[in-house]
Amino acid sequence: MTSEIIKELTLQLSTITEGMAALIIAIAVIEGVFRTLIVILQSFSPADSSSSHEAKEDVRLRLGRWLALALEFLLAADILRTAVAPTWSEIGQLAAIATIRTALNFFLQLEIDRAEQRKATPSETRAG
């Protein structure tokens, strides 16, 4: 009986964790749309194109950071769900999902790190 309660709580926790990931993604999309609209409106003003490019990259990177966080929550939910009653099929699915999500997160983080390095490097150094 106790093991059934633990299994049920683990499945509920998994569902809550997936819900948190969905909430994070929703917040990220809302913020991304809002910031994109601001960038679009600012593009009509007579500003230089480099600041517009930086603003677009900032929107993209902020969205990427949120999505990386959501991927972590989704992976945690999958692990919780599989931990309850793992079959070989579920373990294989978890391995595939974990590999894909980890690769996505890795490359996303790599792009974020590169963008941070570009921001930290003065324009004059990059041009020269």
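Figures for the structure shown
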quantity: Looking only at region 7-46, and only at residues there that are open to solvent by 80 Å² or more (accessible area, probe 1.4 Å) and outside any helix (DSSP H, G or I), the one that is nearest to Ala70 (Cα to Cα); calculated: Phe44
quantity: Cβ pairs under 9 Å, 6+ apart, first in region 68-87 and within 12 Å of Lys7 (Cβ to Cβ) and without any contact (Cβ under 8 Å) to a residue 12 or more places away in the chain, second in a helix (DSSP H, G or I) and of a type in the set (A, V, I, L, M, F, W, C); calculated: Pro86/Leu94
quantity: Residue match in region 47-54 (condition: in a helix (DSSP H, G or I), within 30 Å of Ile5 (Cβ to Cβ), of a type outside the set (A, V, I, L, M) and open to solvent by 70 Å² or more (accessible area, probe 1.4 Å)); calculated: no
quantity: Residue within region 52-60 that is under 30 Å from Lys119 (Cβ atoms) and of a type in the set (Val, Ile, Thr) present; calculated: yes
quantity: Leu80 being closer than 22 Å to Glu8 by Cα and of a type in the set (A, V, I, L, M, F, W, C); calculated: yes
quantity: Members of region 56-70 found to be open to solvent by 30 Å² or more (accessible area, probe 1.4 Å) and either of a type in the set (A, V, I, L, M) or not in a helix (DSSP H, G or I) (or both), listed by number; calculated: Leu63, Leu67, Leu69
quantity: Pair list, Cβ under 7 Å, 6 or more apart: region 1-27 residue touching a residue at least 60 places away in the same chain (Cβ under 8 Å), other residue in a helix (DSSP H, G or I) and β-branched (Val, Ile, Thr); calculated: Lys7/Val84; Thr10/Val84; Leu11/Val84
quantity: The one condition in (1) of a type outside the set (Asp, Glu); (2) more than 30 Å from Ile91 (Cβ to Cβ); (3) in contact with a Ser or Thr (Cβ under 8 Å, 6 or more places away or on another chain) that Arg60 fails to fulfil; calculated: (3)
quantity: Residues of region 82-92 that turn out to be open to solvent by 50 Å² or more (accessible area, probe 1.4 Å) and in contact with a Ser or Thr (Cβ under 8 Å, 6 or more places away or on another chain), as a count; calculated: 3
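The values are calculated or read from the model by the stated rules, or taken from the named source; none is laboratory data. Treat the numbers as computed from the prediction; the structure is a model and nothing was measured. No Cβ is skipped: glycine too gets one built from the backbone with ideal geometry, and neighbour counts run over all protein chains shown. The accessibility values were calculated without ligands, DNA or RNA, using every heavy atom of the protein model including side chains. Shrake-Rupley method; radii C 1.70, N 1.55, O 1.52, S 1.80 Å.
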